[in-house]
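Shown below is the structure under consideration.
The values are calculated or read from the model by the stated rules, or taken from the named source; none is laboratory data. Since we're looking at a predicted model, the values are computed, not measured. For neighbour counting, all protein chains shown are included, and Cβ atoms are generated from backbone atoms with ideal geometry for every residue, glycine included.
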Amino acid sequence: MPTPAIETEVVVVGAGQAGLSAAYHLRRRGFAPYDGLVVLDADDAPGGAWRHRSPTLTMAAVHGFHDLPGLPLPPADPGRPAREAVPEYFAAYERTHGLPVVRPVRVRAVRPDPDGRLLVETDAGRWSARALVNATGTWTRPFVPHYPGAGLFHGRQLHYAEYGGPEEFRGQRVVVVGGGASAVQVLAETAAVAQTTWVTRRPPVFRDTPFSPEAGRAAVALVEQRVRQGLPAQSVVSVTGLTESPAVRRARELGALERLPMFDRITATGVAWDDGRTVAADAIVWATGFRPAIGHLAPLGLRGPGGGIALDGTRAAADPRVHLVGYGPSASTVGANRAGRAAAHAIHALLRLPAHA
């Protein structure tokens with residue numbers, strides 16, 4: 001017989017920025033640790049996706065990071081790797097607010113239970129909840145588009161998620177694919193020690209002025225419209241363009257921002273276009289983004305005809321017990337904070353627990 005499920009009111013899946021924000025606001029609304037709220041995290045230590053970022057990404061290069069609610073990020077050495085400083089902050093946050101994080105726990109599936117609850121199946125047992133906040137982010141699902149000839153390439157292909165810094169490419173010919181900040185980071189670092197070629201599907205958009213709050217809201221609105229329609233989630237970053245960051249300036253100084261259109265195929269020795277142009281390469285770095293890690297929600301049947309999960313705010317349109325944070329329009333640190341608060345408010349109203357603070 002299977003082990004009886006552990007009962008709680010709300011399960012939060014994921015302890016990154018969005019999951020911690022949701023847990024904080026749920027605690028403030030009266031959901032007691034473990035009996036009322038549990039956070040299941042797949043990693044073996046705090047930090048979420050930040051634990052896995054490149055060691056060359058320093059705090060000085062981190063842009064747009066917003067403090068978690070209720071505890072400011074302490075001053076950090078600008079040269080310190082973000083994958084050290086931010087996880088320390090997350091760990092302190094969990095301790096300060098007494099958040100009931102259980103790790104490492106990998107959620108395999110979330111299923112509807114005949115008793116009206118949600119059954120969360122994991123590699124560490126089962127939990128039964130009245131509501132669920134999914135905050136699994138995207139880091140575990142790097143996206144690499146398919147191009148003809150990929151299997152023929154004699155060099156190395158890797159996604160940005162595997163990028164460990166420029167030294168591994170010293171003296172090589174490197175093709176960097178992608179039009180976002182991750183691609184520019186790789187170019188800014190690698191072009192100093194290697195011959196780089198930048199390839200993007202669309203011409204990159206550079207912003208020579210700070211990204212205004214109005215422009216940010218407009219970008220979020222575009223993504224939110226997609227998820228309301230049940231279309232696959234698109235990241236906010238993908239519609240904001242590239243700001244004049246230190247990485248952009250460094251890449252420009254190195255002459256690494258001369259962009260080529262997307263190649264048509266991969267060859268044994270590099271990449272090629274149908275017009276006859278070729279570029280030799282020892283490595284291809286795919287800075288092509290990530291997809292939401294939501295496969296464990298499949299048994300709930302939340303996906304619509306458009307291929308995505310339609311949302312009303314943070315609530316899944318097909319099931320008011322399920323909320324997605326850090327997804328689509330809330331896939332940024334400030335967006336994750338707001339989504340965590342909104343999800344906690346909606347769940348409290350649904351379950352009608354006594355309100356605290």
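Here is a yes/no grid of residues against (1) over 18 Å from Gly137 (Cβ atoms); (2) assigned to a helix (DSSP H, G or I):
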residue	(1), (2)
Ala22	no, yes
Asp35	yes, no
Arg51	no, yes
Ser54	no, no
Gly79	yes, no
Val86	no, yes
Leu99	no, no
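Conditions (1) of a type in the set (Asp, Glu); (2) touching a residue at least 24 places away in the same chain (Cβ under 8 Å); (3) assigned by TED's automatic domain parsing to the domain that holds Glu84; (4) in contact with a Leu (Cβ under 7 Å, 6 or more places away or on another chain), marked per residue:
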| residue | (1), (2), (3), (4) |
| --- | --- |
| Ala32 | no, no, yes, no |
| Leu37 | no, yes, yes, yes |
| Pro46 | no, yes, yes, no |
| Met59 | no, yes, yes, no |
| His63 | no, yes, yes, no |
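Do any residues in the stretch 144-156 that are in contact (Cβ under 8 Å) with a residue 40 or more places away in the chain have Cβ atoms under 9 Å from those of residues that are small (Gly, Ala, Ser) and not in a loop (DSSP other than H, G, I, E, B), where the two are at least six apart or on different chains, and which pairs are they?
Here the result reads Val144/Ala150; Gly149/Ala272; Phe153/Gly270; Gly155/Gly270; Gly155/Ala283; Arg156/Ala283, each pair linking the stretch 144-156 to a residue that is small (Gly, Ala, Ser) and not in a loop (DSSP other than H, G, I, E, B).
Another question about this same structure. Residue by residue through the stretch 244-280, note down the ones that are within 23 Å of Arg156 (Cβ to Cβ), small (Gly, Ala, Ser) and outside any helix (DSSP H, G or I).
Those that are within 23 Å of Arg156 (Cβ to Cβ), small (Gly, Ala, Ser) and outside any helix (DSSP H, G or I): Ala256, Ala268, Gly270, Ala272, Ala280.
Continuing with this model, one more query. So Ala298 ticks every box in (1) surrounded by fewer than 18 Cβ atoms within 10 Å (Cβ to Cβ); (2) touching a residue at least 12 places away in the same chain (Cβ under 8 Å); (3) part of a loop (DSSP other than H, G, I, E, B) but one. Which box is left unticked?
That leaves (3) as the condition not met.
Sticking with this structure for a sec: When you go through Arg321, Arg352 one by one, which is the residue that is surrounded by 19 or more Cβ atoms within 10 Å (Cβ to Cβ) and among the charged types (D, E, K, R)?
Arg321
In the list Phe169, Phe206, which residue meets the criterion of being aromatic (Phe, Trp, Tyr), more than 30 Å from Val102 (Cα to Cα) and over 24 Å from the mean Cα position of the chain (by Cα)?
Phe169
Picking from Gly306, Gly335, Gly340, which residue would you name as being outside any helix (DSSP H, G or I) and either touching a residue at least 12 places away in the same chain (Cβ under 8 Å) or buried (at least 24 other Cβ atoms within 10 Å of the Cβ) (or both)?
Selected residue: Gly306, the only one of Gly306, Gly335, Gly340 that is outside any helix (DSSP H, G or I) and either touching a residue at least 12 places away in the same chain (Cβ under 8 Å) or buried (at least 24 other Cβ atoms within 10 Å of the Cβ) (or both).
Hey, another quick one. Hey, can you tell me all the residues within the stretch 94-118 that are more than 14 Å from Gly19 (Cβ to Cβ) and either crowded, with 19+ Cβ neighbours inside 10 Å or charged (D, E, K, R) (or both)?
Arg95, Arg106, Arg108, Val110, Arg111, Asp113, Asp115, Arg117, Leu118
So which of Arg141, Arg108, Arg130, Arg126 ends up being among the charged types (D, E, K, R) and within 30 Å of Val199 (Cβ to Cβ)?
Arg141
Separate question: Does the stretch 293-331 hold any residues that are small (Gly, Ala, Ser) and within 16 Å of the chain's Cα centre (by Cα), and which are they?
Within the stretch 293-331, Ala293, Gly295, Gly326, Gly328, Ser330, Ala331 qualify.
Of the residues Ala85, Ala91, Ala76, Ala129, only one is under 20 Å from the mean Cα position of the chain (by Cα) and surrounded by 16 or more Cβ atoms within 10 Å (Cβ to Cβ); which?
Ala85
Go through the stretch 33-91 and give me each residue that's hydroxyl-bearing (Ser, Thr, Tyr) and closer than 30 Å to Leu350 by Cα.
Tyr34
Which condition number in (1) free of Cβ contacts under 8 Å to residues at least 12 places away in the same chain; (2) part of a strand (DSSP E or B) is the one that Arg95 fails?
Against the list (1) free of Cβ contacts under 8 Å to residues at least 12 places away in the same chain; (2) part of a strand (DSSP E or B), Arg95 comes up short only on (2).
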